[in-house]
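The values are calculated or read from the model by the stated rules, or taken from the named source; none is laboratory data. These figures come from a predicted structure and were not determined experimentally. Ideal geometry is used to build each Cβ from the backbone, glycine not excepted, and the neighbour counts take in all protein chains shown.
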Amino acid sequence: MSEKPEKSVVLVGGGHTHALVLQGMTSAPLEGAQVTVINPGPTAPYSGMLPGFVAGHYTRKELDIDLAALAQKANATLIDGEAKGIDLAHKLIHLENGESVSYDFASIDVGITSRMDGLQGFRQYAIPVKPLGPFSARWDAFRSTAGPKHVIIIGGGIAGAELAMAMAFALRGAREPVSVRLLDRGRILSANSVKAQKRVRKELDANGVQVLEGVEVAEVRERGVVFTDGRVFEANFVVGAAGATPHAWVPSTGLVTKDGFIDVNRSLETNEKGVFAVGDCANMTVTPRPKAGVYAVRQAPILLANLRKSLAGEALDHYNPQTDYLKLVSLGGKRAFGEKSGLGFAGNLVWRLKDRIDRSFMDQF
Ligand SMILES: Cc1cc2nc3c(=O)[nH]c(=O)nc-3n(C[C@H](O)[C@H](O)[C@H](O)COP(=O)(O)OP(=O)(O)OC[C@H]3O[C@@H](n4cnc5c(N)ncnc54)[C@H](O)[C@@H]3O)c2cc1C
């Protein structure tokens, strides 16, 4: 009797969900499937530890999930490359290098970008915080180069504020002149609770971060940032941390999207049967949630189960996201602010809790 041919399962992007799916496959392989992962580079940084890395509490090695090792353990093939399109009719993933990978089942977990393409000079002189890999490399190089350090972070959400405190902490005590500025066109932390706003504002101040609100950036230049009111602020490291922008190629795949994010149902499946989307690049149509790593992480067991069920031709499981979760924000030094169900707490113990949670997440790999 001839064996059934293996199906091709392609994981596009090495985001948090796919890393955990690979991890799950190391102990229970996907029967009847050849699995391929596509990611630019052999590693993917873990977002929870990024502020700690920026502040100098973690090394780059501690920050990175080793996708190459994980793929090997999971008996999957890692392609070091970037997807740039999907041909749904012929079930092909097109790569930047001109090659294509065929799939029977696919999942997309490519995250978002905080590139600000509409802002003059951004591409040449600024760096988006997402994707995290290139950002981490640029920060490492900047921090270890001698000379004045003038940092501007565009976007005063919680990620921008966390980064600003981490950067100010890392640069404190430098012999050369240092400044860290956090800019927002409205008020910073407007999406956060009043409790979080109060605490984080205080900590920004304590870290020496200058907050500029109600300001609009007109242009990024080699040595500074120009506001629409004509003011110019010196900067030699400008970071984009405003909003979540989907990758430009995603809406052109033919998959149904909302504002560029891929619509998925409760099974994390797109409008195309057998094609899933997870993490920040997905839009959960039934139970929408803000973009947060916690959802990407919790989607992993459902995605893995649904890939198995798709291969077996069975009905798919549903993902029911939680409504609240413990939010932990590092405050520059080894201190953190935590908030859940309206209760807020801050200090060294909260940092230790965050450190323990983050390290045990990484220890799985
Ligand atoms: C400073 C900061 C701190 C944060 N802290 C927290 C936190 O404490 N808790 C929390 O819940 N959330 C946090 N977040 C949000 C969190 O980063 C995201 O929600 C999470 O990373 C989403 O994971 P993901 O699975 O969508 O993929 P991502 O982690 O975004 O990874 C996507 C992967 O896809 C790859 N990729 C991109 N394009 C392509 C392509 N074309 N082809 C193939 N691969 C591609 C990327 O290189 C990357 O490896 C933070 C964000 C920032 C910026």
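Only residues that are over 14 Å from the mean Cα position of the chain (by Cα), part of a helix (DSSP H, G or I) and surrounded by 14 or more Cβ atoms within 10 Å (Cβ to Cβ): list them for region 124-137, please.
Tyr125, Ala137
Quick one: how many residues across region 92-118 are hydrophobic (A, V, I, L, M, F, W, C), over 22 Å from Gln34 (Cα atoms) and more than 14 Å from the chain's Cα centre (by Cα)?
Result for region 92-118: 1.
If you check every pair at least six apart or on different chains, which have Cβ atoms under 7 Å apart with a residue in region 32-50 that is closer than 26 Å to Glu99 by Cβ first and a residue that is in a helix (DSSP H, G or I) and more than 9 Å from the ligand (Cβ to nearest atom) second?
Once the first residue is closer than 26 Å to Glu99 by Cβ and sits in region 32-50, its partners that are in a helix (DSSP H, G or I) and more than 9 Å from the ligand (Cβ to nearest atom) give Gly32/Leu311; Ala33/Leu311; Val35/Met25; Val37/Leu22; Val37/Ala71; Pro42/Ala68; Pro45/Leu63; Pro45/Ser136.
Residue check, Ser136 against (1) in contact with a strand residue (DSSP E or B) (Cβ under 7 Å, 6 or more places away or on another chain); (2) more than 12 Å from the ligand (Cβ to nearest atom); (3) of a type in the set (Ser, Thr, Tyr), all met but one. Which one?
Unmet for Ser136, out of (1) in contact with a strand residue (DSSP E or B) (Cβ under 7 Å, 6 or more places away or on another chain); (2) more than 12 Å from the ligand (Cβ to nearest atom); (3) of a type in the set (Ser, Thr, Tyr): (2).
Failed condition for Leu189, given (1) closer than 28 Å to Val329 by Cα; (2) in contact with a strand residue (DSSP E or B) (Cβ under 8 Å, 6 or more places away or on another chain); (3) not aromatic (Phe, Trp, Tyr), with all others met?
Checking Leu189 against (1) closer than 28 Å to Val329 by Cα; (2) in contact with a strand residue (DSSP E or B) (Cβ under 8 Å, 6 or more places away or on another chain); (3) not aromatic (Phe, Trp, Tyr), the one that fails is (2).
Is it the case that Leu189 is in a loop (DSSP other than H, G, I, E, B) and buried (at least 16 other Cβ atoms within 10 Å of the Cβ)?
Taking the combined requirement at face value, the residue satisfies it.
I need a count of the residues in region 78-109 that are among the acidic types (Asp, Glu) and within 11 Å of the ligand (Cβ to nearest atom).
Summing the residues that are among the acidic types (Asp, Glu) and within 11 Å of the ligand (Cβ to nearest atom) in region 78-109 gives 4.
Quick check, is Gly173 part of a loop (DSSP other than H, G, I, E, B) and at positive phi?
Criteria met by Gly173.
State whether one or more residues within region 204-211 are closer than 30 Å to Gly279 by Cα and either in a helix (DSSP H, G or I) or without any contact (Cβ under 8 Å) to a residue 12 or more places away in the chain (or both). Talk me through it step by step, then tell me what you get.
Step one: list which residues in region 204-211 are closer than 30 Å to Gly279 by Cα, which gives 204.
Restricting the remaining residues to those that are either in a helix (DSSP H, G or I) or without any contact (Cβ under 8 Å) to a residue 12 or more places away in the chain (or both) gives 204.
Yes, some residue in region 204-211 is closer than 30 Å to Gly279 by Cα and either in a helix (DSSP H, G or I) or without any contact (Cβ under 8 Å) to a residue 12 or more places away in the chain (or both).
Quick test for you: out of Thr77, Thr59, pick the one residue that is under 21 Å from the mean Cα position of the chain (by Cα), among the polar types (S, T, N, Q), over 30 Å from Thr228 (Cα atoms) and not assigned by TED's automatic domain parsing to the domain that holds Gln364. Break it down stepwise before answering.
Details: Thr77 fails: under 21 Å from the mean Cα position of the chain (by Cα).
Going through Thr77, Thr59 in turn, just one is under 21 Å from the mean Cα position of the chain (by Cα), among the polar types (S, T, N, Q), over 30 Å from Thr228 (Cα atoms) and not assigned by TED's automatic domain parsing to the domain that holds Gln364: Thr59.
Scan region 328-344 and give yes if some residue there is assigned to a loop (DSSP other than H, G, I, E, B), buried (at least 16 other Cβ atoms within 10 Å of the Cβ) and near the ligand (Cβ under 10 Å from one of its atoms), otherwise no.
No.
Considering only residues of region 1-58 that are of a type in the set (Gly, Ala, Ser) and more than 16 Å from the ligand (Cβ to nearest atom), which is nearest to Ala305 (Cα to Cα)?
Checking each candidate, the answer is Ala28.
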